[in-house]
Amino acid sequence: MSQRSRFSMFNTAEGQQAGAWRRAATGVCLAAAMSATWFAGAHAATLEGQQFEDTVVLGQQKLQLNGLGLRGVAWLKAFVAGLYVSTPSSDAASLLAETGPRRLRLKIMLQAPSSELTKSLLRRVKRHETPEAQARLADRLTQFAQQLDSLGELMPGDVVDMDYLPGKGLVLSRNGKAAGKPVVGDDLYRAVLQIFVGEHAIDPRMKQGLLGAPA
């Protein structure tokens, strides 16, 4: 049975497991996060077999890997997320207040439609943000959601980047190809990043992994 076929088995009624991506992104499911395994000579970190370089260059600025976290449902592993920032920190508030370039990288491990990720992110933003903030974000959030949906079927091995570039905004890409024009506003990027490392993050263990906490 294919992974996609197993996925459909989760789309059932109340009391049973629902869409794996949705649960993986909302924290209803079993989640796991752990610190990266660092290889001194390789300049990379790995989690669940997914390798992340310890530095990337974004907007002509070098960013450092802050931490890694796994999202999955039971034995199904959806993606490993890695957070890159200019100044690594274990303090979520500091990371959210940062105004420089940042990258949230998702390394996909399970076939699923990107629309499931879109729905989960939109629900989380609505839960976390005040009505006033939601009103300010509405049009831009819709634009970002349309870009996410346009990614279509996500496949194992795909790399999805959510970058923030000062003066430009949030840039979404799949395997290095931009999904559309930058969506302006550091407030939008902060709203997305809060889902992963904010006070009410999707899962405390994943949050700790992205903050670089030891296993």
With the requirement that a residue be open to solvent by less than 40 Å² (accessible area, probe 1.4 Å) and polar (S, T, N, Q), what does region 92-114 give you? Ser114
Pairs where the first residue, in region 95-118, is without any contact (Cβ under 8 Å) to a residue 12 or more places away in the chain and the second is surrounded by fewer than 22 Cβ atoms within 10 Å (Cβ to Cβ), C-beta under 9 Å, 6+ apart: Ala97/Arg190
Failed condition for Ala145, given (1) in contact with a Ser or Thr (Cβ under 9 Å, 6 or more places away or on another chain); (2) surrounded by 21 or more Cβ atoms within 10 Å (Cβ to Cβ); (3) within 14 Å of Ile195 (Cβ to Cβ); (4) at pLDDT 95 or above: (2)
Give Val197, Val192, Val183 a once-over and let me know the one that is more than 27 Å from Thr46 (Cβ to Cβ) and open to solvent by less than 10 Å² (accessible area, probe 1.4 Å). Val183
Please indicate, with yes or no, whether at least one residue in region 89-102 is in a strand (DSSP E or B), out of contact with any Asp or Glu (no Cβ under 8 Å at 6 or more places or on another chain) and under 26 Å from Lys77 (Cβ atoms). no
Hits in region 44-71 (condition: out of contact with any Lys or Arg (no Cβ under 8 Å at 6 or more places or on another chain), surrounded by fewer than 22 Cβ atoms within 10 Å (Cβ to Cβ) and either at pLDDT below 65 or closer than 14 Å to Met109 by Cα (or both)): Thr46, Gly49, Gln51
Hey, any hits in region 155-170 for a residue that's surrounded by fewer than 19 Cβ atoms within 10 Å (Cβ to Cβ) and more than 24 Å from Asn66 (Cβ to Cβ)? yes
All but one of (1) modelled with pLDDT of 95 or more; (2) among the aliphatic types (A, V, I, L, M); (3) at positive phi hold for Ala74; which doesn't? (1)
Any residue in region 72-91 that is open to solvent by 30 Å² or more (accessible area, probe 1.4 Å), hydrophobic (A, V, I, L, M, F, W, C) and under 24 Å from Asp186 (Cβ atoms)? no
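So is Gly15 open to solvent by 30 Å² or more (accessible area, probe 1.4 Å), modelled with pLDDT under 95 and within 28 Å of Gly167 (Cβ to Cβ) or not? Walk me through how you get there before you give the answer.
Working: open to solvent by 30 Å² or more (accessible area, probe 1.4 Å): yes; modelled with pLDDT under 95: yes; within 28 Å of Gly167 (Cβ to Cβ): no.
Answer is no for this residue.
The values are calculated or read from the model by the stated rules, or taken from the named source; none is laboratory data. If you're wondering where the values come from, they're calculated on a predicted model, not measured in any experiment. Neighbour counts run over all protein chains shown; Cβ positions are idealised from the backbone, glycine included. Accessible surface areas use protein heavy atoms only, side chains included; no ligands, DNA or RNA. Shrake-Rupley method; radii C 1.70, N 1.55, O 1.52, S 1.80 Å.
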